[in-house]
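What follows is a single structure, and I will ask about it in a moment.
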Amino acid sequence: MRTIAPPFTVAAPSGARIRDRLRVDVADEQVLSLVGQHLGRHQRADLAERVAIGLVPVKDNRRAERKKKLTVVSSSRWAGAMTRAREDQYQLSLRCLHDERAGLRRAVRAITRRLAVPCGQRKGRVRGYADQNERFHKQRRLQVLRRRLAVVEQRIAEGRPAVVAGGRRLLHARHHLAEAGLSLAQWRERWEAARLFLTADGESGAPHGNYTICVDPADGSMTIVLPEPLRHLANAPRGRYRLGCVVAFSHLRQEWLDRVTANRAVRYDIVYDPARDRWYVDASWATDTTVPPTPHEIRAARARLLAVDLNADHLAACVLDPHGNPIGRPVTIPMDLTGPASTRDGRLRAAITAVAALAEEHGCAGIVIENLGFTDARTTGRETMGRGQRGKRFRRTVAGIPTARFRERLRGIAYHRGLVLIAVDPAYTSRWGAAYWQQPLQQQDKQTTVTRHHAAAVAIGRRGLGHRIRRRPGVTANDQRIVVRRATGQTGPGPRPRGTTSPPRTTGTPHEGCRTRLDRDDQLVLFPVPKTARGAPAPDASHLARNVLIRPTPANNARSGRDGACASP
């Protein structure tokens, strides 16, 4: 069994981002397109120059020199935004190369281990391939992976990642227009829209937090600073262009107003969606850093938690008390992740909103989820997750679970609702949950069909609270006719209340040798009782009363009459 990582609280979002639609007219749309194309052309040239510099220290990336060159064709603030965005994109591309190298190395190691074992045999925990045909294809795949790994390592060594301005997926769609369902004109429109650059960084102390793209909170008007070659299009003082539409953010509007009225930095991004033929403006800013409570502090506060198990088509949730006992019925939240990306994202948000509402309804202090990533499944899934059509379907199902998007969406919604998000190690939660908790949960609630996913949610919640998942053996539940049966017996160890201490017992009390012997649980003061042989004279009743107190039961009365002794009550 591998080492299980301790649970941790997920950090609060470091920023916020909101969006509103720009209902521009024909003149405004033409000006925005000209500005975006002009700035996009120069920022792509700056990206090519930055990639040519390679991996160097920050002081040697010549950003000041490149910014001075861009200021001539735009403005100082536009040039600063372009150089900052290109540096961020360059560093992100390098991180993606390192992640790709790690995945290729894992895949090469997995195939190499299996190729070292003869076909149809097993050495330890490594299983060889089924036949020579599969082994031959795996050898070819190993050569392909090693060639790709060599290219990635060369790019990392040179510090020159391959970056496509506009997206590699959209670039490849150019050669498969029929499969993408696009015409050449539609593809060209999307390609040009993806290569626009209309991003302005915020600046604290500037009017309303941004000088380049300014939104007045009083009337919602938006003005942008035109680049130097396009100043002839200005319709406002100081080379600015005022849009004819009004901006009114609805989501997190009060937080946005607090920042712009205090002249705190706010970044604006203007984007165009050719599929809907709409223009949007995004406002983003950095939030104050907050330290969430640790799982130990949440457990010490004796608060409830909502445990959630993420699956391909639904969310399984269960409420747990501070001792790790399930409360109420398990809940299943459907989640259909089919259709376009926007539809999938909307359904995912609806499911997460339902989870947050369920936590608030039951008075939970936080939500517990698994720290999923499926990194190994995406790299070595062909070797470890089955073969044939069944394995292929399973790998597609696993790869289709939106783990990262689910975590980020849930983190933002939980933060705004005052809930703490706890992530736990996903090891053995489904297996141990099904083995130890599915049957007790079903016995607790006969009206709900309890699945292994609900049991996994209980295991996730108990791990988030710091309890063990596996139930202690030999602990039984209460009688259903006397009290309500609990799904777990004594799962929360704690001090017993005063006045409930059991009387002292002596394990060395001799056996009475009769079917109706005294029950040790009924003895108030335990002393050895002298044995009496059958037919021997009975001891004095007062002597018997001084040694042991016997409760009057039918069995004791029958024994007293049979042995010829009279026990005092």
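The values are calculated or read from the model by the stated rules, or taken from the named source; none is laboratory data. In this text the structure is predicted, and so the values were computed from the model without any measurement. Here the Cβ is made from the backbone with ideal geometry for all residues, glycine too, and neighbour counts use every protein chain on show.
Would a scan of the range 110-118 turn up a residue that is in contact with a strand residue (DSSP E or B) (Cβ under 6 Å, 6 or more places away or on another chain), at pLDDT below 95 and either of a type in the set (A, V, I, L, M, F, W, C) or in the same structural domain as GLY386 (by TED's automatic domain parsing) (or both)?
Yes - at least one qualifying residue is present in the range 110-118.
Filter the range 294-312 for residues that are touching a residue at least 12 places away in the same chain (Cβ under 8 Å), on the phi < 0 side of the Ramachandran plot and out of contact with any helix residue (DSSP H, G or I) (no Cβ under 9 Å at 6 or more places or on another chain) and give the result.
THR294, HIS296, ALA301, ALA303
So that you can scan it fast, the table gives a plain yes or no per residue for (1) outside the structural domain of ALA459 (by TED's automatic domain parsing); (2) over 21 Å from the mean Cα position of the chain (by Cα):
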{"site": "ILE270", "(1), (2)": "yes, yes"}
{"site": "PRO274", "(1), (2)": "yes, yes"}
{"site": "ASP282", "(1), (2)": "yes, yes"}
{"site": "ALA300", "(1), (2)": "no, yes"}
{"site": "ARG304", "(1), (2)": "no, no"}
{"site": "ASP309", "(1), (2)": "no, no"}
{"site": "ASP313", "(1), (2)": "no, no"}
{"site": "ALA317", "(1), (2)": "no, no"}
{"site": "ASP321", "(1), (2)": "no, yes"}
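A further question follows. Can you name every residue in the range 9-49 that is in contact with a Ser or Thr (Cβ under 8 Å, 6 or more places away or on another chain) and either closer than 25 Å to LEU243 by Cβ or not in a loop (DSSP other than H, G, I, E, B) (or both)?
Step one: list which residues in the range 9-49 are in contact with a Ser or Thr (Cβ under 8 Å, 6 or more places away or on another chain), which gives 9, 12-18, 20, 38-39, 42, 46.
Residues satisfying the conditions are THR9, GLY15, ALA16, ARG17, ILE18, ASP20, HIS38, LEU39, HIS42, ASP46.
Right, next: Out of all the residues in the range 424-446, is one or more crowded, with 24+ Cβ neighbours inside 10 Å, assigned to a strand (DSSP E or B) and assigned by TED's automatic domain parsing to the domain that holds PRO330?
yes
If I filter the range 23-38 for residues that are crowded, with 18+ Cβ neighbours inside 10 Å and touching a Pro at 6+ places or on another chain (Cβ under 9 Å), do I get at least one hit? If you could, list the steps in order and put the result at the bottom.
Initially, the range 23-38 is screened for residues crowded, with 18+ Cβ neighbours inside 10 Å, giving 24, 28, 31-32, 35-36, 38.
Remaining after also requiring touching a Pro at 6+ places or on another chain (Cβ under 9 Å): 35, 38.
Looking through the range 23-38, at least one residue is crowded, with 18+ Cβ neighbours inside 10 Å and touching a Pro at 6+ places or on another chain (Cβ under 9 Å).
Within the range 216-252, restricting attention to residues that are without any contact (Cβ under 8 Å) to a residue 12 or more places away in the chain and outside any loop (DSSP other than H, G, I, E, B), which residue is farthest from ASP282 (Cα to Cα)?
For the range 216-252, the residue satisfying everything is HIS232.
Here is a further query. Any residue at all in the range 99-108 that is assigned by TED's automatic domain parsing to the domain that holds ALA165, among the acidic types (Asp, Glu) and closer than 28 Å to GLU192 by Cα? Can you show your working first?
From the range 99-108, those assigned by TED's automatic domain parsing to the domain that holds ALA165 are 99-108; that's our starting set.
Filter once more, so that each one left must be among the acidic types (Asp, Glu): 99-100.
Among the residues that remain, those that are also closer than 28 Å to GLU192 by Cα are: none.
No: the range 99-108 contains no residue that is assigned by TED's automatic domain parsing to the domain that holds ALA165, among the acidic types (Asp, Glu) and closer than 28 Å to GLU192 by Cα.
Let me ask something additional. Looking at (1) free of Cβ contacts under 8 Å to residues at least 40 places away in the same chain; (2) buried (at least 17 other Cβ atoms within 10 Å of the Cβ), which one does VAL271 not meet, given that it meets all the others?
Here VAL271 meets the rest and fails (1).
On to the next question. Looking only at helices (runs of 4 or more DSSP H) that fall completely inside the range 354-419, which ones have 3 or more residues that are within 16 Å of the chain's Cα centre (by Cα), charged (D, E, K, R) and surrounded by 15 or more Cβ atoms within 10 Å (Cβ to Cβ)?
403-416
Just the residues that are assigned to a strand (DSSP E or B) and polar (S, T, N, Q), please, taken from the range 322-353.
Result: THR332, single match.
Residue pairs, Cβ under 8 Å, 6 or more apart or interchain, first in the range 90-113 and over 22 Å from VAL164 (Cβ atoms), second among the small types (Gly, Ala, Ser) and part of a helix (DSSP H, G or I). List them.
none
Regarding VAL73, is this residue surrounded by 13 or more Cβ atoms within 10 Å (Cβ to Cβ) and either touching a strand residue (DSSP E or B) at 6+ places or on another chain (Cβ under 9 Å) or at pLDDT 95 or above (or both)?
The answer is no for VAL73.
For the range 107-119, what are the residues that are surrounded by 12 or more Cβ atoms within 10 Å (Cβ to Cβ) and either outside any helix (DSSP H, G or I) or out of contact with any Asp or Glu (no Cβ under 7 Å at 6 or more places or on another chain) (or both)?
The answer is ALA107, VAL108, ARG109, THR112, ARG113, LEU115, VAL117, CYS119.
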